[in-house]
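First up is the structure itself, then whatever we jot down about it.
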Amino acid sequence: MTLDELRDRWIEERPKYNKFVDLIRAIIAHECRTAGIYCYTDGRAKEVASLVKKQIKNRYEDPWERMGDKAGVRVIAVFRDTVPAIEEIVARRFEATGPDRKAEKLGVEKLGYQGIHYQVRLREEDLTGEAEVFRDLEAELQIHTKAQNLWSDVSHQLAYKVPVETPQEAARLIHLVNALVEVIDKEFVDARTMIRSIPGYEQHKMLDELEARYYPLASHDFDRELSLEIIQGLKGLFQPGEINGIGAIIDQFVDKRRERLRQLYEIYRDDPRGPELLFQPEALLILERLEKDQFGLLRAWQQKWPMELLDHLATAWGYSLPELS
Amino acid sequence: MRSDLGTLQIDRVIVHQVFKKTKEKEQPALSLSGLESPTDLEIRNYFRERIIKSLGTGAFDVVEDTNSNPPVPRIMRSFLERSDADLVSHSQELAQHLYQCQTRVNSGGLLCVVVCRVAGQRSLAVLKLEMEQAVRLATTQVDGQATFNLTLMKDLVLNKNTRVFKVGLFQLENGGGSLVGLASDKQQGSQPNTEVAEFFLSQFLGCRLRDAPEVLTKRFYVLTEGFINEDVKDPLLKSQYETALLAEMNSATGTISPSVFALNHLQGDDRQAFVAYLDQAGLPTQGAIPKDTQLVENRLRRVQVDFANGVSVIAPPEVLEQQVQQDVLEDGRMHLQITDSVKDIRGRR
């Protein structure tokens, strides 16, 4: 394949690769959100100039096959200890080759780039409908922490993009910063562990997630103390992994029942005798459990709070509670 | 419609008073309203919740009974077919028919006709209510001392604990076909095939149950046994659930509530799994199923033989007859011989 043929083919196929990248990013984002993993994704199909320059530099015999990073996706984890969980998602949701752990090549005495790289393709079961066109495509998927990503981007600009050779002193400074990157990642994980051990952290976190889904539906102020009390009493209805991903669970419920929720809030917006719990963010949690685990909800509720409160909300939602014996 | 009850919105209400029939010739029959009742948001939502609550727990799916020519479905269809139909005249016709249906046994009360929407579709709810009494308290001062003023209120209707409350909610099927709906009769002891329920459902509303009670009952029984056999792994729980199912079928109650059955007789995750199992099979789990065991009678029967030494043998009659060897000894004692593989041995009280 000549250089011109390579360029022309890439110009033609690059839009398809960009869509491929978008799909991979959407899969990763959904899976991470469901698992309660904070991360960002980034990605692109290689720029035409970049592809051509790489071939000029490396002179591959079969450049189309050899360049596995024509499409690249970067998964940027906020906390370093979530990287294994992200790797599990990659292994599960894609046909993945790897990992290539750059840190292992450094050993204990050297500092440098520590990303984890995979080559990924879509699984057979995902190659349906419009995704069928991505059958033969693969992308390079890199996993970094946010701090590693910062260092990687800046050092790349300094060391590879400048037209002159990097002076030794500058190179040393760049590597010193890398040491700080490792410290940043470790310290943030330690700080998060301390914060998470504060009593009530989980309830506050869940309330934050619920609040974010509540305010698009209603603008009434709510009783925060009541919210925390009810969340504390009901969080046992969820598995620990589900608590981390409570935002995604509520999103799924709200997406499914959006019109009905909108109607319910509109019906009761100006009614002072409406269900007391409706204009509390935990109403979304209660209604979601009513559909998914009504009996668990009933038993948990009966032990702590008057049934009339739950009954009023359930009735407004169109749900009849079986009477507890 | 049952699954859309949460989308119920109340638009307009009109109320007529229907008096009890007595031998007094001068007793008026009706006190008809000439105007819709003014309502505010609170009243409309209160009606909304009472209708949902009543229909959610004990309502049956009903259709108009085309075997007779009852007036109520015709009146309701006439109203629902036209968005500009006159509520006053149509509701007065319903009240007049209610009075004509009643005998001296039936209580007087109020007929509320409610124009509403379910899932955006124009609907009509018909409520028969009775007056109730309660005492109202108001603080007051008498000779400079604080006390409570007590007033007996005799004209209350539709409170949270209202025991006598009949409601039907109707739409035109697929937006323009025959009349379909939900009907509930909260009178204590109500069963769909008793005289009381017969009055409201059949004589007044001119409707019948959409699904034959014996068919629904059999579906519940078969599906529940299917769940127990397929999805319950613990043999002890299998036995407990099967016993509970038989007890439920043999009990004197006139209805089966799948969610109440699950709550009272199943354990842990089995409850939700059972409700999901029935939902997937298309059997309503909210509300009640009218019970009629005629199609499953044979499966419910058990014969129990109690021996003087404390041993009891329980078996379906056909098994006892065909698979248990029974001999009467010369001294009058009975000898039973059972040969089979043991499924389970357990202690019990």
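Annotation note: Cβ proximity below 6 Å between a residue of region A:167-194 that is under 13 Å from residue A:78 (Cα atoms) and a residue that is open to solvent by 40 Å² or more (accessible area, probe 1.4 Å) and assigned to a helix (DSSP H, G or I) (sequence gap 6+ or interchain) occurs for A:185/A:80; A:189/A:80; A:189/A:81. You will find that of B:314, B:345, B:338, the residue that is modelled with pLDDT under 75 and open to solvent by 90 Å² or more (accessible area, probe 1.4 Å) is B:345 and no other. Would you confirm whether or not region A:40-57 contains a residue that is in contact with a strand residue (DSSP E or B) (Cβ under 8 Å, 6 or more places away or on another chain), farther than 23 Å from residue A:15 by Cα and of a type in the set (Ser, Thr, Tyr)? The answer is no; no qualifying residue exists.
Just to check your reading of the model, which residue among A:282, A:229 is open to solvent by 60 Å² or more (accessible area, probe 1.4 Å) and closer than 16 Å to residue A:301 by Cα? Criteria check complete, one pass: A:229. The set of residues from region B:279-289 being modelled with pLDDT of 90 or more and crowded, with 21+ Cβ neighbours inside 10 Å is empty.
Considering each of B:162, B:151, B:103 in turn, give the residue that is part of a strand (DSSP E or B), surrounded by fewer than 19 Cβ atoms within 10 Å (Cβ to Cβ) and modelled with pLDDT under 90.
Exactly one of B:162, B:151, B:103 is part of a strand (DSSP E or B), surrounded by fewer than 19 Cβ atoms within 10 Å (Cβ to Cβ) and modelled with pLDDT under 90, namely B:151.
Scanning region B:64-97 for residues that are within 21 Å of residue B:208 (Cβ to Cβ), modelled with pLDDT of 90 or more and touching a Lys or Arg at 6+ places or on another chain (Cβ under 7 Å) yields a total of 1. The number of residues in region B:80-92 that are under 18 Å from residue B:37 (Cβ atoms) and crowded, with 18+ Cβ neighbours inside 10 Å comes to 4. The C-beta contact set for region B:295-309 (first residue closer than 13 Å to residue B:214 by Cα, second residue surrounded by 13 or more Cβ atoms within 10 Å (Cβ to Cβ) and of a type in the set (S, T, N, Q), distance under 9 angstrom, 6+ apart or interchain) comprises B:295/B:217; B:296/B:217. Checked against (1) touching a residue at least 60 places away in the same chain (Cβ under 8 Å); (2) open to solvent by 10 Å² or more (accessible area, probe 1.4 Å); (3) more than 14 Å from every other protein chain (Cβ to nearest Cβ), residue A:300 passes all but a single condition, namely (3).
For residue A:276, indicate whether it is without any contact (Cβ under 8 Å) to a residue 40 or more places away in the chain, part of a helix (DSSP H, G or I) and not polar (S, T, N, Q).
No, not satisfied.
Considering region B:242-277, and only residues there that are open to solvent by less than 30 Å² (accessible area, probe 1.4 Å) and among the β-branched types (Val, Ile, Thr), the residue that is nearest to the other protein chains (Cβ to nearest Cβ) turns out to be B:275.
Annotation: residue B:17 fulfils all but one of (1) among the polar types (S, T, N, Q); (2) more than 14 Å from chain A (Cβ to nearest Cβ); (3) out of contact with any Ser or Thr (no Cβ under 8 Å at 6 or more places or on another chain); the unmet one is (3). If you take the residues in region A:160-172 that are open to solvent by 40 Å² or more (accessible area, probe 1.4 Å) and within 35 Å of the chain's Cα centre (by Cα), which one is modelled with the highest pLDDT? Among those residues, the one meeting the criterion is A:172.
Among the residues of region A:304-311, at least one is more than 31 Å from the chain's Cα centre (by Cα), more than 10 Å from chain B (Cβ to nearest Cβ) and of a type in the set (Lys, Arg). Please work out if residue B:22 is in a loop (DSSP other than H, G, I, E, B) and among the β-branched types (Val, Ile, Thr). The answer is yes for residue B:22. If the condition is being open to solvent by less than 70 Å² (accessible area, probe 1.4 Å) and more than 14 Å from every other protein chain (Cβ to nearest Cβ), then region B:37-54 contributes only B:37. Of the helices (runs of 4 or more DSSP H) lying entirely inside region A:1-101, those carrying at least 3 residues that are open to solvent by 60 Å² or more (accessible area, probe 1.4 Å) and within 25 Å of residue A:150 (Cβ to Cβ) are A:3-34.
The values are calculated or read from the model by the stated rules, or taken from the named source; none is laboratory data. Note that the structure is a prediction, hence the values are computed from the model and not measured. Here Cβ is always computed from backbone atoms with ideal geometry, including for glycine, and neighbour counts include all displayed protein chains. All accessible areas refer to the heavy atoms of the entire protein, side chains included, with ligands and DNA or RNA removed. Shrake-Rupley method; radii C 1.70, N 1.55, O 1.52, S 1.80 Å.
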